[in-house]
Amino acid sequence: MLNMEQIEIRHLVICLDNQYDPDVAKLKEHHPWVDVYHVATNRTDDQVCEEIDMALLDGLHCFSKLAFVGGDIAQTLAGGYQIAWIKDTPGIDEELLRFWGSIEPVADSP
């Protein structure tokens, strides 16, 4: 059985049309391996999905905790990718930390 405290876990945030940017430095105080991707939504659906796919592929080699952050577009895409969605709010850092603390990491992201 894996000891989750002994492996590195990637914490990935995919931001779409968000007003409030996660504070990467603050998040890294709690989790050293944090990646935040900002995906522009003013392109075709295929281009948006391709950029998301590339972000997800970057972490296939490790355990991950994933979340989409943003409004309606982020919520819709999160459902399609079967990844958690967190509403864009001024307290996004605390929401992410609370979320990451409540879930088990997954191997091989979708």
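FYI, it's all coordinate maths here, none of it is from the lab. This structure is a prediction, so every number in the text was calculated from the model and none was measured. We place every Cβ from the backbone using ideal geometry, glycine too, and count neighbours over all the protein chains shown.
Count the DSSP beta bridges whose two residues both fall in the chain, then state the antiparallel fraction as a percent rounded to the nearest 5.
10 percent
When the chain is fully extended, how far beyond the present Cα-Cα distance does residue 44 get from residue 62, taking 0.36 nm per residue of separation? Don't jump to the answer; show the numbers that get you there.
Values: separation 18, 0.36 × 18 = 6.48 nm, distance 2.96 nm.
Additional length available on full extension: 3.5 nm.
Say we join alpha carbon atoms closer than 10 Å with springs in a Gaussian network model of the chain; which of 21, 88, 58 then has the biggest fluctuation?
Ranking 21, 88, 58 by mean-square fluctuation puts 58 first.
Can you tell me the dipole magnitude for the chain around its Cα centre, using point charges on the Cβ only (Lys, Arg +1; Asp, Glu -1), in Debye to the nearest 20?
Details: 7 positive and 20 negative charges, 47 e Å.
For the chain, the charge dipole is close to 220 debye.
Which of the peptides 71-83, 95-107 is most tightly packed, and how do the rest follow, judged by the mean count of other Cβ atoms within 10 Å per residue?
So the peptides 71-83, 95-107, ranked by packing, come out 71-83, 95-107.
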